[in-house]
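As structure tokens, the structure follows; a few thoughts come after it.
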Amino acid sequence: MDRTEYLQRLEAAPSLEPDRQEYFMDQLKTLVLQKSRELGRPMTACIQTFGCQMNAKDSEKLLGILEQAGFKASEDEASDFVLYNTCTVRDNANQRVYGRLGYLNNLKKKNPNMIIALCGCMMQEPTVVEKIKKSYRFVDLIFGTHNIFKLAELLFTRYFEKQMIIDVWDGTDKIVENLPAERKYSFKSGVNIMYGCNNFCSYCIVPYVRGRERSRNPEDIIKEIEALVADGVVEVMLLGQNVNSYGKTLETPMTFAELLKRVAKIEGLERIRFMTSHPKDLSDELIAVMRDCPKICRHLHLPLQSGSSRILKQMNRVYNKEQYLALAKKIQTEIPDLSLTTDIIVGFPGEMEEDFEETLDVVRKVRFDSAFTFIYSKRTGTPAAAMENQVPEEVVKPRFDRLLKEVQKISAERCSKDVGKTMTALVEGMDDHDPSMVTGRLSNNIMVHFPGDASDIGTLLTVRLLESRGFYYIGERIS
Ligand code: 5AD
Ligand code: SF4
């Protein structure tokens, strides 16, 4: 394909989506097959994913596009096409990407035809893009979170335009459905139910890089899950930054609890999970649906962020310590076998020893089954970054260590409470350390290791929990 032909093909592209991208996947495939013939081997593509479940899901879509365009998926970064799907929620995620880019540059020196692309949350920050343009000129393609569906078009273009291509959108109201996706697991899958976030917690960059909240139509969600189930999926994870506010902006509004009830009716679907919930929107209706529907897993991730009402106010979380405690108590009373997990930030601007003690107090009262603990990271452009009373690292670090110790102690106690019980586990894979064992996930999201082989993967088995190993169990199979 020469440049004239390329321009003709560009000209002939349909303007409507998803037809336009289907077209570009075909065009790219012609090109990829041609290059593969010249090389005498398949063209390979490698995606590295940083960050959360949303990014993991986006990467499955990106890989689906690449495979349809003729690339062979590879785990090896010495590939013909390498894509980093980045995260920017905390600064260490950014630093990891910059560090790894140097390594990619060395690989590219050995394979000058290699294409390096960056996408995801970090690329939505103008200062990041400026830095890459200036200091990482070997990068070929940059796009953001709103236009991942355009990968085939962008990559096709890059093969003919010999310069860095940058296509980052400020926002979008468009949801492009029905593009391919290459699932990592055959038996479980994430399903986006909404995109973006409107909460603007003062420390958080997500609303700036993922845009305003948009819910998918329930019909599209149900259709997607039905197709997944027909393809062997038994467990879905409904994904959104704040699933509890699902449906508010739909033409015919519906609640998240109603959506859950509809998803639960899908025959053949065995388990439903969801992520993430904001305490301010968690309704009694949702608690009742969770309690009454056995398909909904016994796990709720409910980020606390801080136990201090004063700090919560500064964080713009819209609940206080007492409200969180009351909500946690209500949930634990209604659904006693539920596992409650959380996120906590230490060292938010202005956090005093007393505030931190309040956080410890909530941790001790709620007794979370597990907690992700983070050191506050200053994100440029967020209100908290401009606050004057930033807490020095030497004050934050000891608090973080104290919190971690407390959280781990409680987790270990919580994770021994079910020893002797019989539960259902979805087998997710072989045990990394013992080839005679498999690893399964319980409804409450805790893992159990028990004897089995590869043929068990993807099946739901009954196991007795024999022993706790702190944050997982050793079990024996009953069925
Ligand atoms: N610093 C530290 N942790 C953060 N999180 C979000 N933004 C920041 C930040 N600036 C944490 C929150 C959130 C989780 C996904 O990441 O706890 O729930
Ligand atoms: Fe960030 Fe708050 Fe939105 Fe979660 S709810 S993504 S912490 S702004």
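The values are calculated or read from the model by the stated rules, or taken from the named source; none is laboratory data. Quick caveat: nothing in here was measured; it's all calculated off a predicted structure. We place every Cβ from the backbone using ideal geometry, glycine too, and count neighbours over all the protein chains shown.
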Point to revise | Top-ranked residue in the stretch 186-197 [being away from ligand 2 (no atom under 11 Å from the Cβ) and assigned to a loop (DSSP other than H, G, I, E, B); ranked as nearest to the chain's Cα centre (by Cα)] | key: I193
Study note, to complete from the structure: Those residues of the stretch 217-240 which are away from ligand 1 (no atom under 16 Å from the Cβ) and touching a Gly at 6+ places or on another chain (Cβ under 9 Å) amount to P218, E226, V229, A230, G232, V233, V234, V236, L238
**Study point:** G99 small (G, A, S) and surrounded by 15 or more Cβ atoms within 10 Å (Cβ to Cβ)
**Key:** no
Review point. So L260 clears everything in (1) assigned to a helix (DSSP H, G or I); (2) away from ligand 2 (no atom under 11 Å from the Cβ); (3) within 19 Å of the chain's Cα centre (by Cα) except one condition, right? Which one?
Key: (3)
Study note, to complete from the structure: Pairing a residue in the stretch 85-105 that is within 15 Å of ligand 1 (Cβ to nearest atom) and assigned to a helix (DSSP H, G or I) with any residue that is at pLDDT below 95 and not basic (K, R), where Cβ atoms lie under 7 Å and the two sit 6 or more apart in sequence or on different chains, gives A93/G51
Practice item. Of the conditions (1) free of Cβ contacts under 8 Å to residues at least 40 places away in the same chain; (2) touching a Ser or Thr at 6+ places or on another chain (Cβ under 8 Å); (3) among the small types (G, A, S), G232 clears all except one; give me its number. Key: (1)
Revision key, fill the gap. If we ask which residues in the stretch 335-347 are in contact (Cβ under 8 Å) with a residue 24 or more places away in the chain, farther than 13 Å from R90 by Cβ, outside any strand (DSSP E or B) and not β-branched (V, I, T), their number turns out to be 2
**Study point:** Residues (outside any helix (DSSP H, G or I) and either away from ligand 1 (no atom under 16 Å from the Cβ) or aliphatic (A, V, I, L, M) (or both)) located in the stretch 198-212
**Key:** I205, G211, R212
Exercise for review: Pull up the stretch 295-314, narrow it to residues that are within 16 Å of ligand 1 (Cβ to nearest atom) and aliphatic (A, V, I, L, M), then point me to the one that is nearest to L259 (Cα to Cα).
Suggested key: L300
Practice item. Go through D343, D337, D292 for me and flag whichever is within 16 Å of ligand 1 (Cβ to nearest atom) and out of contact with any helix residue (DSSP H, G or I) (no Cβ under 9 Å at 6 or more places or on another chain). Key: D343
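Restricting attention to the stretch 226-252, and to residues there that are assigned to a loop (DSSP other than H, G, I, E, B) and of a type in the set (G, A, S), which single residue is farthest from S443 (Cα to Cα)? I'd like the intermediate steps shown before the answer.
Restricting attention to the stretch 226-252, the residues satisfying the condition of being assigned to a loop (DSSP other than H, G, I, E, B) are 231-234, 240-242, 246-252.
Still in the list and also of a type in the set (G, A, S): 232, 240, 247.
Working: G232: 19, G240: 20, G247: 26 Å.
Only one residue fits best here, namely G247.
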Point to revise | Positions within the stretch 40-54 being more than 16 Å from ligand 1 (Cβ to nearest atom), assigned to a loop (DSSP other than H, G, I, E, B) and more than 18 Å from Q68 (Cα to Cα), in sequence order | key: G40
